Amino acid sequence: MGATALLAILLGCSTHETNNNCTDSAQCGDGNGRNEEAKAVSELELAKATAEIRPGIPATETDGTYEVSPAPVKIEGGVLGIHIDLTVKNLGTKPAFISKATMTFRKSGYPEGCVGIGGPLLTTATYNFTIPDDQPYEDGGPQLLHKTPFSISRELTHEIPPNKYEKFTLTVGPESDVKVNPWFGVLDVILERDDGKKLEIGPLAVIASGSNPAFYPDGDSWSIDEEKSYPECLKRNAAMVREIMRTPKITVSKEFASLDKALSKYL
């Protein structure tokens, strides 16, 4: 199942930042001594970036138990997936037109499997930004890590009015659960305007749910079957997660932060 076109989802957070009828230069300025007349352009900045796992990702499931190829069955209500929420502010007095979004991955892949599991079910999900199953991997090492950096772009057509906030949701994840363990990524997002100017956001660290019954996010923590897992394997995963947490200016998803906490006792 190939990657699908990006759908920018506007979640309704749209508010006025300044009073268009104001006359005082300090009131009308943007905090840097500039008034409205001086900044009669579209001028974007990031107000907030968050990420978490939420339901609603379209998906199908195939059961290959008997080595046949039955038609995929649509999963009602979709599946859990990574949602990145970006709140962007247009400081200027002209609309800003966003024409493209690009994700560039610093890291991407799967943590080391610390317990042997198996199963015939294959879930294929449809994300805005889809990591293909055939994305090349690095050679060697216990973790399955993609060769990085690599980038994925999607066309957009969206206008942010002047003096307003807009909140977007972008989703990202693997095409299918072929590796069972949860996919993780460290990435940067670039929003490109029709005039060529860019708003760079990141780095962000996110992790998906996966389909490993011995290792998955559970509320504000992680469920880890310690009796069936290998301590040294968990220690290697803990070190990898902690290294990512130390990335300068990193913004981590709720689940990535809770995984670091859950694995900290193995360091």
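Details
- Seen from W222, the other residues with C-beta closer than 13 Å to its C-beta sum to a net charge of -3, counting Lys and Arg as +1 and Asp and Glu as -1.
- Within the shell defined by Cβ-Cβ distances under 13 Å, the residues around C114 carry a net charge of -2, with Lys and Arg each +1 and Asp and Glu each -1.
- Hits among lysines - C-alpha to C-alpha of K197 under 29 Å, sequence gap 8 or more where chains match: K39, K48, K89, K94, K100, K107, K147, K164, K167, K249
- Counted residue by residue at 0.36 nm each, then reduced by the alpha carbon distance between them, the extension gain from D218 to D188 reaches 8.2 nm.
We did not get these values from a lab; they are worked out from the coordinates using the rules stated. From a predicted model like this one, the values you see are computed outputs, not experimental measurements. Every residue, glycine as well, gets a Cβ built from its backbone with ideal geometry; the counts of neighbours run over all protein chains shown.
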